[in-house]
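Okay, so here's the structure we're looking at.
The values are calculated or read from the model by the stated rules, or taken from the named source; none is laboratory data. Source: prediction; values computed, not measured. Neighbour counts run over all protein chains shown; Cβ positions are idealised from the backbone, glycine included. Keep in mind that these areas ignore ligands, DNA and RNA; they rest on the heavy atoms of the full protein, side chains included. Shrake-Rupley method; radii C 1.70, N 1.55, O 1.52, S 1.80 Å.
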Amino acid sequence: MAPARGWRRPYGGRAVHVAPGVEYQATTTQVCGLYPFVAGSGTPSIGTPIGRHQLSGEVVCLDPLTWLRAGLVTNPGVFVLGQPGTGKSTLIKRLITGAVAFGSTALILGDTKPDYTPLITHLGGQVITVGRGMDRLNPLDAGPLGAALRHMAGPDARRLRWEVRGRRLSLLLALCTLVRETRISNAEEVVLGRAVDLLDERLAREPTVPDVLALIEEGPQTLLSAARTDTVEAYRERTRDLVFTLDLLCTGSLAGVFDGPTTHPLDLTAPAVGIDISRIGAAGDKLLTAAMLSTWAYSFAMVDACAALAELSLAPRRSWLGVMDELWRALRGAPGLVEHADALTRLNRAKGMASIMITHSLSDLDALAGEEDRAKARGFADRSAITVLAGLPPRELARVSQITPLTAPEQEMVASWSAPDSWQPGAKHPGRGKYLIKTGERLGIPVELALVGVEHELYDTDPQFGPFSGRSPRGHSR
């Protein structure tokens, strides 16, 4: 403890007199009214530790499923916004590590960099690498739902068969829409549905897109009736565009990825599953979008299958953390794809699944072609109970505040993280590893993340630049 008049040493701050603190007196009625403004409430202490509060130094924890169970939020959706280089992926990797440690299964629904493959491998999870000459995903594969069907009977089995049928048709329609760059007609949708039903009756294995193409070209009487035609010539005319669309799925830019059986089924027992689609990024946005859509459908089928088995007491009930990075790349592929993504993610809470959607800016969603798609895409952010903001410019924060209310000091803080304040080489980006967590009308939680141990290597998303730029690998990543 310091002496009453300070320390006797040079520059020790010795003072002739130390003034006492100012004392105020008030009634208990008045003081209790002042109390909430003296100090803010504590930060959440349940979930994965992600850093310290930038003002109080308290440890901040975040886990959407844990927060939902504790009643802190109404749904386990997380929407992450931030400029490249501010550390979005670093935060998500910390959440993945924590989720696996707490017993949840992490699903990386399309790794486009790949940012997450080293971490999933380190955690002992399964990595599937999709691409030409590599792993294939069959859009019509029932996947884990087919395995669940083999354990079911009666009304539950019938319900699940209809679910499998709906998922097959929905994804096939989405891929056809992507290839054609416009919606397919009602007549073509009816023909596709009947073709999928026929193949399900005829084949003892999972149907493929080439099977659908061959059956439609064959033109059995059932399909003629579905097309409302009496002659083969009229049927050929009505299905001509559909045949070319399906043929493009097999022989066009998507060839070698979706035109055969699934090569590596998902492992239902893995602590984490990552589907690496980075190898097909150079083939263009169309192929990448198709891969992301198929990945989403296949992964959500895994979640539904495990839930169905748990209801029959054939498997333990599980919780999931689904990561949907580079969201905008999948949604901009063609009109109507937003609706497909919306249908997949809307019921996540009932499935015991938390979802994390990541994008750079709300402008990414506004770049979609149709107003209907733009409105539904903005709904992703609106439905997420937790919004995490990394560095963003003021104009972007003004738009974010229309969905998630932000105070003026909060906007100033996040804007100050958005751009480097120095041209000095090697200077740390002011927003790297800093985040503002918003939930509803509550004041935001400003938190700063610090990496520990092996995280410095596992969380680095720019290892290629290290030897050339002189960057230390012990820094925050994208």
Is region 198-210 home to any residue that is closer than 30 Å to residue 104 by Cβ and of a type in the set (Val, Ile, Thr)? no
Of the residues that sit in region 401-449 and are open to solvent by less than 30 Å² (accessible area, probe 1.4 Å) and touching an Asp or Glu at 6+ places or on another chain (Cβ under 7 Å), which one is modelled with the lowest pLDDT? 430
Criterion first (modelled with pLDDT of 80 or more, more than 22 Å from residue 270 (Cα to Cα), assigned to a helix (DSSP H, G or I) and out of contact with any Asp or Glu (no Cβ under 7 Å at 6 or more places or on another chain)) does residue 310 satisfy it? no
Condition test on residue 72, is it open to solvent by 30 Å² or more (accessible area, probe 1.4 Å), assigned to a helix (DSSP H, G or I), in contact (Cβ under 8 Å) with a residue 40 or more places away in the chain and more than 22 Å from residue 326 (Cβ to Cβ)? no
Looking only at region 204-216, count every residue that is open to solvent by 50 Å² or more (accessible area, probe 1.4 Å) and either hydroxyl-bearing (Ser, Thr, Tyr) or over 20 Å from residue 300 (Cα atoms) (or both) and tell me the total. 3
Please specify each residue of region 160-198 satisfying the condition of being surrounded by fewer than 19 Cβ atoms within 10 Å (Cβ to Cβ), on the phi < 0 side of the Ramachandran plot, modelled with pLDDT under 90 and part of a loop (DSSP other than H, G, I, E, B). 182, 183
Looking only at region 106-157, which residues are open to solvent by 20 Å² or more (accessible area, probe 1.4 Å), farther than 30 Å from residue 311 by Cβ, touching a Gly at 6+ places or on another chain (Cβ under 7 Å) and not in a loop (DSSP other than H, G, I, E, B)? 117
Can you find even one residue in region 234-241 that is of a type in the set (Gly, Ala, Ser) and over 30 Å from residue 101 (Cβ atoms)? yes
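Tally time: how many residues in region 158-199 are within 30 Å of the chain's Cα centre (by Cα), of a type outside the set (D, E, K, R) and within 25 Å of residue 299 (Cβ to Cβ)? Quick ask: steps written out before the conclusion?
The initial filter retains those residues of region 158-199 that are within 30 Å of the chain's Cα centre (by Cα), namely 159-184, 189, 192-193, 196.
Imposing the further condition that a residue be of a type outside the set (D, E, K, R) reduces the set to 160, 162, 164, 166, 169-179, 182, 184, 192-193, 196.
Next cut, within 25 Å of residue 299 (Cβ to Cβ) only: 160, 162, 164, 166, 169-179, 184, 192-193, 196.
Number of matching residues: 19.
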Considering region 216-239 alone, what residues qualify as being in a loop (DSSP other than H, G, I, E, B) and of a type in the set (D, E, K, R)? 228, 230
Filtered residue count, region 199-216, keeping only those that are at pLDDT below 95 and farther than 16 Å from residue 138 by Cβ: 2
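Any chance region 268-284 includes a residue that's in a helix (DSSP H, G or I) and either surrounded by 22 or more Cβ atoms within 10 Å (Cβ to Cβ) or touching a His at 6+ places or on another chain (Cβ under 6 Å) (or both)?
Keep residues of region 268-284 that are in a helix (DSSP H, G or I), which gives 278-283.
Next, from what is left, pick out any that are either surrounded by 22 or more Cβ atoms within 10 Å (Cβ to Cβ) or touching a His at 6+ places or on another chain (Cβ under 6 Å) (or both): 280.
Scanning region 268-284, I find at least one residue that is in a helix (DSSP H, G or I) and either surrounded by 22 or more Cβ atoms within 10 Å (Cβ to Cβ) or touching a His at 6+ places or on another chain (Cβ under 6 Å) (or both), so the answer is yes.
Among the candidates 376, 438, which residue alone is among the basic types (Lys, Arg), touching a residue at least 24 places away in the same chain (Cβ under 8 Å) and under 30 Å from residue 181 (Cα atoms)?
On the way: 438 fails: under 30 Å from residue 181 (Cα atoms).
Answer to the check: 376.
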Within region 348-373, can you find the residues that are open to solvent by 50 Å² or more (accessible area, probe 1.4 Å), under 11 Å from residue 328 (Cα atoms) and assigned to a helix (DSSP H, G or I)? 363
